[in-house]
Amino acid sequence: MKIFDYIYVIVYFLFFMVAIRDIQKRINEVFDYLIDNSFEKNKTTIAKTLGYAARQALWNAIGNYKPNSRSLLIRIGNAYPMVNTEWIATGEGEMVRGKGSGIARPEMMTDRFVKYLYVKNISTKDALSRLGWTRRIYDKALRDDFSAEEVLHIGTVFSDLNLGWLRSGVGSMLVISQEALIKMLSRHQTEIDTLREKVQKLEAQRKDRKPV
């Protein structure tokens, strides 16, 4: 092999390594975006959503990433359809679909459902188990949004989820049941009664205090 062939191999290897590091950096930027915007609680929940048994398995997938192996990008694209996986692979365009044109992707019902799961600290795996859905059904919903039948089924399983909010994003996320409302009012009334007793005691002490 000639000296120029060695130089070519070295330059190609260095270019390859830089490209890999850039892709790994963009993947981590996507993860930060998902956490900052409350789509996920942390990187451990991201790993679970992507179908990895543990967080370390995800790190291994990132560390061993190769440009000709797109399985990780396919998982990211299926789980988070708002993410532009071509941006991850090439750095071209925007991280979130639609941002480059000045038109952000409208928030979908699936986005709000992910937020609900985060607030309730319910894992995607647990949610699918309760719903009786396969991962394939959920991945399709993430791409196309929930159907009317799926929304009704979600409301049956997660009765404290406000379906009006799920459909439109308007109003409160959670429905407060009559029982929960009574408990909340009772708790506040107890606090009010306690404060009233303290005020009465302080007023009595003030009246009993003799001027010096």
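The values are calculated or read from the model by the stated rules, or taken from the named source; none is laboratory data. In this text the structure is predicted, and so the values were computed from the model without any measurement. No Cβ is skipped: glycine too gets one built from the backbone with ideal geometry, and neighbour counts run over all protein chains shown. Accessible surface areas use protein heavy atoms only, side chains included; no ligands, DNA or RNA. Shrake-Rupley method; radii C 1.70, N 1.55, O 1.52, S 1.80 Å.
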Test: residue in region 169-176 that is modelled with pLDDT of 80 or more and open to solvent by 100 Å² or more (accessible area, probe 1.4 Å): yes
Pair list, Cβ under 8 Å, 6 or more apart: region 110-137 residue within 11 Å of residue 40 (Cα to Cα), other residue of a type in the set (Asp, Glu) and open to solvent by less than 70 Å² (accessible area, probe 1.4 Å): 114/40; 118/40
Close pairs (7 angstrom Cβ cut-off, 6 or more residues apart or separate chains): in a helix (DSSP H, G or I) in region 45-73, at pLDDT below 70 anywhere: 72/65
Odd one out for residue 171, checked against (1) within 19 Å of the chain's Cα centre (by Cα); (2) of a type outside the set (Asp, Glu); (3) in a loop (DSSP other than H, G, I, E, B): (1)
Pick from region 118-134, criterion β-branched (Val, Ile, Thr) and either over 15 Å from the mean Cα position of the chain (by Cα) or outside any helix (DSSP H, G or I) (or both), ranking: modelled with the lowest pLDDT: 122
Residue check for residue 46: at pLDDT 80 or above and surrounded by 12 or more Cβ atoms within 10 Å (Cβ to Cβ): yes
One residue from 35, 27, 88, 76 being at pLDDT 80 or above and within 12 Å of the chain's Cα centre (by Cα): 35
Tabulated pairs, region 160-172, first closer than 17 Å to residue 117 by Cβ, second among the hydroxyl-bearing types (Ser, Thr, Tyr), C-beta under 8 angstrom, 6+ apart or interchain: 160/177; 161/116; 162/172; 165/172; 166/116
Search result, residues across region 177-192 that are at pLDDT 70 or above and among the hydrophobic types (A, V, I, L, M, F, W, C): 192
